[in-house]
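Following: one structure in C-alpha coordinates, then a few remarks.
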Amino acid sequence: MQYAIEMYYDKETEEQLFSLAKSVADAGLSTKFMEWKTRPHLTLACFNDVDEEKCIEQLNRFAQTHKKMPAYIASVGMFNDTKTIFCSPIMNDTMYQFQRELHEYMKDFDTKGWEWYCPNRWMPHCTLALTREDPDEVFYKAGDLILHNFRKLSGEFVSVGLVKVTFPVDEIYTVELGK
(Lines give C-alpha, C1' and ligand atoms only; values in the text may rest on other atoms or scores of the structure.)
Protein backbone atom coordinates (compact mmCIF):
# COMPACT_ATOMS: atom_id res chain seq x y z
CA MET A 1 0.00 0.00 0.00
CA GLN A 2 1.18 3.52 -0.70
CA TYR A 3 1.05 6.31 1.86
CA ALA A 4 1.75 10.03 1.95
CA ILE A 5 2.28 12.66 4.60
CA GLU A 6 0.59 15.90 3.72
CA MET A 7 0.64 19.42 5.14
CA TYR A 8 -2.67 21.24 5.35
CA TYR A 9 -3.72 24.87 5.21
CA ASP A 10 -5.91 26.89 7.55
CA LYS A 11 -9.64 26.62 6.81
CA GLU A 12 -9.99 29.88 4.85
CA THR A 13 -6.98 29.20 2.61
CA GLU A 14 -8.12 25.61 2.07
CA GLU A 15 -11.58 26.85 1.00
CA GLN A 16 -10.08 29.34 -1.48
CA LEU A 17 -7.86 26.64 -3.04
CA PHE A 18 -10.72 24.16 -3.13
CA SER A 19 -12.85 26.75 -4.92
CA LEU A 20 -10.20 27.05 -7.65
CA ALA A 21 -10.10 23.27 -8.06
CA LYS A 22 -13.89 23.04 -8.08
CA SER A 23 -14.12 25.71 -10.79
CA VAL A 24 -12.50 23.26 -13.24
CA ALA A 25 -15.21 20.66 -12.53
CA ASP A 26 -17.98 23.28 -12.51
CA ALA A 27 -16.87 24.43 -15.98
CA GLY A 28 -17.35 20.86 -17.22
CA LEU A 29 -13.65 20.44 -17.99
CA SER A 30 -12.37 17.73 -15.64
CA THR A 31 -13.66 16.11 -12.46
CA LYS A 32 -10.73 13.80 -11.68
CA PHE A 33 -9.26 15.92 -8.85
CA MET A 34 -12.69 16.14 -7.21
CA GLU A 35 -13.13 12.37 -7.53
CA TRP A 36 -10.00 11.80 -5.42
CA LYS A 37 -11.86 13.52 -2.53
CA THR A 38 -8.70 15.03 -1.11
CA ARG A 39 -8.14 18.37 0.57
CA PRO A 40 -5.82 21.05 -0.81
CA HIS A 41 -2.38 20.17 0.58
CA LEU A 42 1.35 19.96 0.03
CA THR A 43 2.68 16.41 -0.08
CA LEU A 44 5.78 16.24 2.12
CA ALA A 45 6.69 12.57 1.66
CA CYS A 46 5.48 9.38 0.02
CA PHE A 47 6.12 5.82 1.17
CA ASN A 48 5.58 2.40 -0.34
CA ASP A 49 4.47 1.00 3.00
CA VAL A 50 4.33 2.10 6.62
CA ASP A 51 3.49 0.69 10.01
CA GLU A 52 0.50 3.00 10.55
CA GLU A 53 0.72 2.96 14.34
CA LYS A 54 4.44 3.77 14.34
CA CYS A 55 3.97 6.45 11.69
CA ILE A 56 1.21 8.13 13.72
CA GLU A 57 3.46 8.12 16.82
CA GLN A 58 6.28 9.71 14.83
CA LEU A 59 3.90 12.24 13.26
CA ASN A 60 2.66 13.27 16.71
CA ARG A 61 6.23 13.75 17.97
CA PHE A 62 7.10 15.73 14.86
CA ALA A 63 4.02 17.99 15.12
CA GLN A 64 4.71 18.77 18.80
CA THR A 65 8.14 20.13 17.90
CA HIS A 66 7.09 22.22 14.90
CA LYS A 67 5.02 25.39 14.74
CA LYS A 68 2.42 26.58 12.30
CA MET A 69 4.01 28.40 9.37
CA PRO A 70 2.94 31.17 7.05
CA ALA A 71 1.73 30.00 3.65
CA TYR A 72 2.18 32.48 0.82
CA ILE A 73 0.85 31.04 -2.41
CA ALA A 74 1.98 33.13 -5.35
CA SER A 75 2.18 31.11 -8.55
CA VAL A 76 0.48 28.60 -10.82
CA GLY A 77 2.37 25.83 -12.56
CA MET A 78 1.95 22.69 -14.60
CA PHE A 79 3.53 19.27 -14.90
CA ASN A 80 3.24 18.63 -18.63
CA ASP A 81 4.01 14.90 -18.37
CA THR A 82 1.11 14.19 -15.98
CA LYS A 83 -1.09 17.10 -17.10
CA THR A 84 -1.34 18.32 -13.52
CA ILE A 85 -2.12 21.96 -12.78
CA PHE A 86 -1.09 23.31 -9.40
CA CYS A 87 -0.28 26.37 -7.35
CA SER A 88 2.93 26.76 -5.41
CA PRO A 89 3.86 28.39 -2.14
CA ILE A 90 6.76 30.78 -1.86
CA MET A 91 9.42 28.54 -0.38
CA ASN A 92 11.98 29.43 2.28
CA ASP A 93 14.64 27.67 4.34
CA THR A 94 12.17 26.96 7.16
CA MET A 95 9.87 24.98 4.88
CA TYR A 96 12.70 23.00 3.31
CA GLN A 97 14.09 22.25 6.78
CA PHE A 98 10.60 21.20 7.93
CA GLN A 99 10.40 18.66 5.10
CA ARG A 100 13.96 17.38 5.72
CA GLU A 101 13.23 16.90 9.43
CA LEU A 102 10.00 15.06 8.65
CA HIS A 103 11.97 12.64 6.47
CA GLU A 104 14.40 12.09 9.34
CA TYR A 105 11.51 11.21 11.66
CA MET A 106 10.16 8.78 9.04
CA LYS A 107 13.50 7.30 7.93
CA ASP A 108 12.38 3.72 8.68
CA PHE A 109 9.80 3.77 5.90
CA ASP A 110 10.49 2.93 2.23
CA THR A 111 10.60 5.96 -0.11
CA LYS A 112 12.02 4.13 -3.17
CA GLY A 113 10.31 5.29 -6.32
CA TRP A 114 9.15 8.54 -4.73
CA GLU A 115 12.30 10.56 -5.32
CA TRP A 116 10.40 13.74 -6.19
CA TYR A 117 9.17 13.90 -2.60
CA CYS A 118 12.59 13.38 -0.97
CA PRO A 119 14.76 16.19 0.42
CA ASN A 120 16.75 18.08 -2.22
CA ARG A 121 14.38 16.89 -4.97
CA TRP A 122 11.05 18.11 -3.59
CA MET A 123 8.81 20.18 -5.87
CA PRO A 124 6.22 21.55 -3.42
CA HIS A 125 2.86 22.04 -5.10
CA CYS A 126 -0.85 22.05 -4.35
CA THR A 127 -2.74 20.21 -7.08
CA LEU A 128 -5.78 22.00 -8.50
CA ALA A 129 -6.55 19.84 -11.58
CA LEU A 130 -5.63 16.37 -12.82
CA THR A 131 -6.28 16.16 -16.57
CA ARG A 132 -4.11 13.21 -17.69
CA GLU A 133 -7.18 11.11 -18.55
CA ASP A 134 -8.91 13.96 -20.40
CA PRO A 135 -8.42 15.10 -24.00
CA ASP A 136 -5.37 17.37 -24.45
CA GLU A 137 -7.43 20.54 -24.88
CA VAL A 138 -8.84 20.11 -21.34
CA PHE A 139 -5.34 20.61 -19.89
CA TYR A 140 -5.00 23.95 -21.68
CA LYS A 141 -8.56 25.12 -20.97
CA ALA A 142 -8.31 24.20 -17.28
CA GLY A 143 -4.93 25.93 -17.08
CA ASP A 144 -6.38 29.06 -18.67
CA LEU A 145 -9.35 29.03 -16.28
CA ILE A 146 -7.13 28.68 -13.22
CA LEU A 147 -4.72 31.36 -14.46
CA HIS A 148 -7.59 33.80 -14.93
CA ASN A 149 -9.09 33.09 -11.49
CA PHE A 150 -5.94 32.73 -9.39
CA ARG A 151 -5.03 35.47 -6.93
CA LYS A 152 -2.12 35.43 -4.50
CA LEU A 153 -3.10 33.90 -1.18
CA SER A 154 -1.76 34.39 2.30
CA GLY A 155 -2.58 31.91 5.04
CA GLU A 156 -1.00 29.31 7.29
CA PHE A 157 0.09 25.70 7.25
CA VAL A 158 -1.60 24.37 10.39
CA SER A 159 -1.46 20.56 10.42
CA VAL A 160 0.09 17.44 8.96
CA GLY A 161 -1.58 14.15 8.19
CA LEU A 162 -1.07 10.58 7.10
CA VAL A 163 -3.12 9.41 4.12
CA LYS A 164 -3.44 6.13 2.31
CA VAL A 165 -3.10 6.74 -1.41
CA THR A 166 -6.26 4.98 -2.55
CA PHE A 167 -9.07 6.11 -4.82
CA PRO A 168 -10.54 8.08 -3.15
CA VAL A 169 -7.81 9.15 -0.73
CA ASP A 170 -8.19 7.77 2.81
CA GLU A 171 -7.21 10.39 5.40
CA ILE A 172 -6.02 8.20 8.28
CA TYR A 173 -4.76 10.70 10.82
CA THR A 174 -4.23 14.46 11.12
CA VAL A 175 -2.49 16.39 13.88
CA GLU A 176 -2.24 20.14 14.47
CA LEU A 177 1.20 21.69 14.47
CA GLY A 178 2.41 23.21 17.75
CA LYS A 179 1.49 26.75 18.65
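The values are calculated or read from the model by the stated rules, or taken from the named source; none is laboratory data. What you see is a predicted model, and the numbers here were worked out from it, not measured in a lab. Positions of Cβ are backbone-derived with ideal geometry, glycine not excepted, and every protein chain shown enters the neighbour counts.
Quick notes
- Looking across region 1-35 at every residue that is at pLDDT 95 or above and among the charged types (D, E, K, R), the one that is surrounded by the most Cβ atoms within 10 Å (Cβ to Cβ) is identified as Glu6.
- In region 40-79, the qualifying residues are those that are polar (S, T, N, Q) and in contact (Cβ under 8 Å) with a residue 60 or more places away in the chain, and the one that is surrounded by the most Cβ atoms within 10 Å (Cβ to Cβ) is Thr43.
- The residue of region 139-155 that is surrounded by the fewest Cβ atoms within 10 Å (Cβ to Cβ), among those that are over 16 Å from Lys22 (Cα atoms) and of a type in the set (Gly, Ala, Ser), is Ser154.
- Residues satisfying the stated conditions in region 80-98, i.e. without any contact (Cβ under 8 Å) to a residue 12 or more places away in the chain and either aliphatic (A, V, I, L, M) or surrounded by 12 or more Cβ atoms within 10 Å (Cβ to Cβ) (or both): Asn92, Gln97
- Residue count for region 117-162, restricted to those that are within 27 Å of Gly28 (Cα to Cα) and either out of contact with any Gly (no Cβ under 8 Å at 6 or more places or on another chain) or not in a loop (DSSP other than H, G, I, E, B) (or both): 28
- Qualifying residue in region 122-131 (condition: over 22 Å from Tyr3 (Cα atoms) and at pLDDT below 95): no
- Within region 99-126, restricting attention to residues that are hydrophobic (A, V, I, L, M, F, W, C) and surrounded by 20 or more Cβ atoms within 10 Å (Cβ to Cβ), the residue that is nearest to the chain's Cα centre (by Cα) is Cys126.
- Checked against (1) surrounded by fewer than 15 Cβ atoms within 10 Å (Cβ to Cβ); (2) modelled with pLDDT under 95, Val165 passes all but condition (1).
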